[in-house]
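Readers should treat all values here as calculations from the given coordinates under stated rules, not as data from a laboratory. For clarity, every value in this text was computed on a predicted model and none was experimentally measured. Positions of Cβ are generated from backbone atoms using ideal geometry, with glycine treated the same way; all protein chains shown enter the neighbour counts.
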Amino acid sequence: MALFIGNIIALIASIIMVYSGTVKEKKKILLFQIVEITMYVMSNLILGGIPGAIMNVFSLIGNILCYFDKLGVKEKLIISAVSIPITVHFNNLGWVGLFPLICILTYMWFMNIKDILKFKYLIIFVTILWVIYDFTIKSYTSGIFDILTIITNVIAVSQIMIGRKKEKGSQD
């Protein structure tokens, strides 16, 4: 029953995640991610993914701070300093249990990127690691939707690059 409930919650969070991949405004992406991450915390706890739940809490804090333009170096250092030992201590999944830590810290340290194209690349990178983690904890809906998120972000990257080429071509 826990497997079913955890995957239903992950399904809802995953639908939000995939939709956010189509969004091209950073503030809106962050807002969708705040809702999505909250649901992933619940799903990870139900499915026994303690490292993912812990890191998603820290990710939620980072996203909220970033949304309000309050995520500076000091805040990132504090989140990093607290999250690393906690995640390592409660890691019950071996090296795969470190993926959420890598994802969240990488994302948090680079989420202030102004260039939407680079921001999309960041999302693609961390989502690849989440695919592996999600299948490990049997969060199948998350894993499938992680793949869809990668696809939607790759499409968005292509659209952004085409738009930039058109802009550059019209300037010549």
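What to note about this one:
- In order along region 70-79, the Karplus-derived 3J(HN,Hα) couplings, from 6.51 cos²θ - 1.76 cosθ + 1.60 at θ = phi - 60°, round to 10, 9, x, 4, 4, 5, 5, 5, 5, 4 Hz, and Gly and Pro are given as x.
- Using alpha-carbon coordinates, inclination of helix 140-171 to the longest axis of the chain, degrees: 20 degrees
- For VAL23, distant residues with modelled amide H under 5 Å away: none
- For the chain, modelled as a GNM whose springs connect Cα atoms under 10 angstrom apart, the maximal fluctuation among GLY52, GLY94, GLY72 occurs at GLY94.
- Per-peptide average of other Cβ atoms within 10 Å, ordering 75-86, 134-145 highest first: 134-145, 75-86
- Geometric extent, Cα atoms of region 2-171 - Rg, Dmax (angstrom): 15.9, 57
- Pairs from the table (LYS27/LYS76; LYS70/LYS118; LYS74/LYS168; LYS74/LYS166; LYS114/LYS168; LYS76/LYS166) lying more than 30 angstrom apart at Cα are LYS74/LYS168; LYS74/LYS166; LYS76/LYS166.
- Crossing angle, helix 2-20 versus the chain [Cα axis fit, 0-90 degrees, rounded to tens]: 10 degrees
- The phi torsions of region 102-113, fed into the Karplus equation with coefficients 6.51, -1.76 and 1.60 and a -60° offset, translate into couplings of 4, 4, 5, 5, 4, 4, 4, 5, 10, 5, 7, 4 Hz, rounded to whole numbers, with Gly and Pro shown as x.
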